[in-house]
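The values are calculated or read from the model by the stated rules, or taken from the named source; none is laboratory data. These numbers were taken from a predicted model, which means no experiment stands behind them. Glycine also receives a Cβ, built like all others from the backbone with ideal geometry; neighbour counts cover every protein chain displayed. Quick note on the areas: whole protein, heavy atoms, side chains included, nothing else; ligands and nucleic acids left out. Shrake-Rupley method; radii C 1.70, N 1.55, O 1.52, S 1.80 Å.
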Amino acid sequence: MRRLVFRAVLLSAFASYALADQVSLKNGDHFSGTILKSDGKTLVLHTDYAGDITLKWDAVQGIQSGQELHVELQDGKIAVGPVTSSDAKLQIATKASGTVEAPTAAVKSLRNDAEQAAYEESLHPGLLHAWNVGINTGFALTGGNSQAKNFSLAFNGFRQTSNDKLGLYSNAVYATNDAPGAIPSTTANTIGGGLRYDHDLSKRIFGFAAADFFSDALQSLNLRSVFGGGAGYHAIKKDTTTLDLLGGLNYTRESYTTLSRNLIALTLGEELMHKLGKTTVLNERLAFFPDLNSDGDFRGTFDFATVTKINKWLGWQNSYSDVYVTNPPVGKKQNDIIFTTGLNISFTHK
C-alpha cells in the first residue's frame with residue numbers, strides 16, 4: 001500500500017514537472033514554472049517558489065512550453081502554439097501551419113493566453129478605463145497681524161493606449177488679503193483647464209487636437225478660449241524620457257472686461273518628461289503662439305512641475321507656470337506667474 005502511495009505521489013510530481021514550462025540559461029541554471037511574457041529583452045516566468053522572476057532574453061539557452069504561446073516576430077508575423085528552442089532557434093508547433101521556425105533574436109514579443117488577452121484589451125480599452133489621475137491641493141491661512149488665505153487645486157489625468165493619448169487638466173488659485181483696508185483684497189483668482197488628444201500616425205509622427213481655457217480676474221480676463229491642432233514629432237520616446245515637438249494652428253478668442261478679440265495664431269512648442277530615479281518625475285512644457293493677425297504680437301507659456309512619490313498613491317508636487325502676452329489691456333501686466341506646492345494624490349482606474 002505504501003509503495004502504491006509513493007508511486008502515485010512520484011507520478012503526480014513528475015506530471016506536474018512535465019506540464020510546467022521549462023527554461024534553461026546559458027550558465028547552466030534551470031527553472032520551471034509558467035512563461036508569462038517576453039518583450040525580446042527579458043522573459044517573465046511565474047514560479048510557485050519565487051513568484052514572478054525576470055530573466056534576460058539573451059541569457060536564455062532554451063525554453064520548452066507545455067502551454068500555447070503567442071509569438072510575434074520582428075517582421076510582424078504571428079505564430080501560436082507550444083514553443084521549444086535550441087541552437088538559437090524557436091520551433092512553434094502551430095495548429096494551422098505546422099512547425100514554424102524563427103531565430104530567437106527575431107522575437108519581438110511572446111505571451112501566454114492570459115497575457116495576450118490583457119494586451120489585446122489594452123489596445124482598445126473603454127473610454128472610462130486605463131486612466132492615470134493626479135490631484136494636487138494646497139491651503140494656507142494666517143491670522144493676527146496678517147490675515148490672509150490661499151487655496152490651490154489642480155487635476156491632471158491621461159489615458160494612453162498603444163496608438164493614442166487623451167489628456168485632461170485643470171487648475172485654480174485663489175488668494176485674499178483679509179486685513180482691514182487691504183487693497184486689493186483679492187490677490188489671486190485664476191482658473192484654467194483643457195484637453196488634448198494625440199494619435200500616432202507612425203512610430204515618430206502624431207497628430208493632435210487641443211482646447212484650452214483660462215480666466216484671470218486680476219488681469220480683467222473673463223475667458224481665453226483656444227482651439228487648435230497640428231502635428232507632432234516624438235524626438236525621444238523612452239520609458240525614462242520623452243520629448244515631443246509640436247507645430248500647428250489655433251483659433252483664440254479673448255474676452256476682457258474692456259475689450260474682446262479673435263485671432264489666428266501659430267502653435268509651436270515642446271514637451272519633456274524625465275524620470276529622476278525611481279520616485280521623482282519632471283515635466284516641462286514651452287509653447288509659443290505668434291499672432292498671425294498682428295505682427296509682433298504673441299502669447300507664450302512655460303510650465304514646469306515635479307512630483308516625488310512618498311508611497312504608491314501619495315506624493316509631493318511643485319509646479320511653476322508663466323503666461324506672457326505682448327498686448328494685455330491698458331494698465332495690466334504682461335506676465336502672470338503661478339507657483340504651487342502641496343500634496344499629490346494619484347490613482348489608476350483600469
query: What are the residue pairs meeting all of these: first residue in region 62-80, first residue on the phi > 0 side of the Ramachandran plot, second residue part of a strand (DSSP E or B), Cβ atoms under 9 Å, and 6 or more apart or on different chains?
result: GLY76/LYS108
task: Hey, could you check region 248-263 for residues that are surrounded by 13 or more Cβ atoms within 10 Å (Cβ to Cβ) and without any contact (Cβ under 8 Å) to a residue 24 or more places away in the chain and say which is nearest to THR326 (Cα to Cα)?
output: ARG261
message: Checking the conditions here, which among GLY269, GLY315, GLY232, GLY228 is open to solvent by less than 30 Å² (accessible area, probe 1.4 Å), touching an Asp or Glu at 6+ places or on another chain (Cβ under 7 Å) and either modelled with pLDDT under 95 or closer than 21 Å to GLY157 by Cα (or both)?
response: GLY232
field: Residue that is modelled with the lowest pLDDT, among those in region 86-143 that are of a type in the set (S, T, N, Q) and within 26 Å of the chain's Cα centre (by Cα)
entry: SER122
query: Are there any pairs, at least 6 apart or on different chains, whose C-beta atoms fall under 7 Å, with the first in region 264-279 and under 30 Å from ASP297 (Cβ atoms) and the second of a type in the set (D, E, K, R), and if so, which?
result: ALA265/ASP291; GLY269/ARG285; GLU270/ASP244; GLU271/ASP244; GLU271/ARG285; LEU272/GLU284
- prompt: Picking from GLY126, GLY167, GLY181, which residue would you name as being open to solvent by less than 60 Å² (accessible area, probe 1.4 Å), more than 30 Å from GLN67 (Cβ to Cβ) and either part of a strand (DSSP E or B) or of a type outside the set (S, T, N, Q) (or both)?
  reply: GLY167
- prompt: Taking the condition under 26 Å from LEU166 (Cβ atoms), open to solvent by less than 50 Å² (accessible area, probe 1.4 Å), touching a Gly at 6+ places or on another chain (Cβ under 9 Å) and part of a strand (DSSP E or B), does ASN136 pass?
  reply: yes
- prompt: Of the residues that make up region 88-97, is at least one hydrophobic (A, V, I, L, M, F, W, C) and in a loop (DSSP other than H, G, I, E, B)?
  reply: yes
Residues of region 229-256 that turn out to be of a type in the set (Lys, Arg), over 30 Å from LYS332 (Cα atoms) and in a strand (DSSP E or B), as a count: 1
Residue list for region 140-154, filter: open to solvent by 50 Å² or more (accessible area, probe 1.4 Å) and either touching a residue at least 24 places away in the same chain (Cβ under 8 Å) or in contact with a helix residue (DSSP H, G or I) (Cβ under 9 Å, 6 or more places away or on another chain) (or both): SER146, GLN147, LYS149, ASN150, PHE151
message: Which residue is farthest from the chain's Cα centre (by Cα), if the candidates are limited to region 327-336 and must be within 12 Å of ASP297 (Cα to Cα) and open to solvent by 30 Å² or more (accessible area, probe 1.4 Å)?
response: ASN327
message: Considering only residues that are over 26 Å from the mean Cα position of the chain (by Cα), in contact (Cβ under 8 Å) with a residue 60 or more places away in the chain and open to solvent by 50 Å² or more (accessible area, probe 1.4 Å), which ones fall in region 32-60?
response: THR34
message: Just the residues that are within 25 Å of LYS332 (Cβ to Cβ) and open to solvent by 50 Å² or more (accessible area, probe 1.4 Å), please, taken from region 195-222.
response: PHE213, ALA217, LEU218, ASN222
- prompt: Identify, please: which residue in region 292-312 is farther than 22 Å from ILE191 by Cα and of a type in the set (D, E, K, R) and is, among those, least open to solvent (accessible area, probe 1.4 Å)?
  reply: ASP297
- line: LYS278 fails exactly one of (1) at pLDDT below 95; (2) under 19 Å from ALA209 (Cβ atoms); (3) among the charged types (D, E, K, R), namely (2)
query: If you check VAL71 against the conditions, is it crowded, with 20+ Cβ neighbours inside 10 Å and under 27 Å from the mean Cα position of the chain (by Cα)?
result: yes
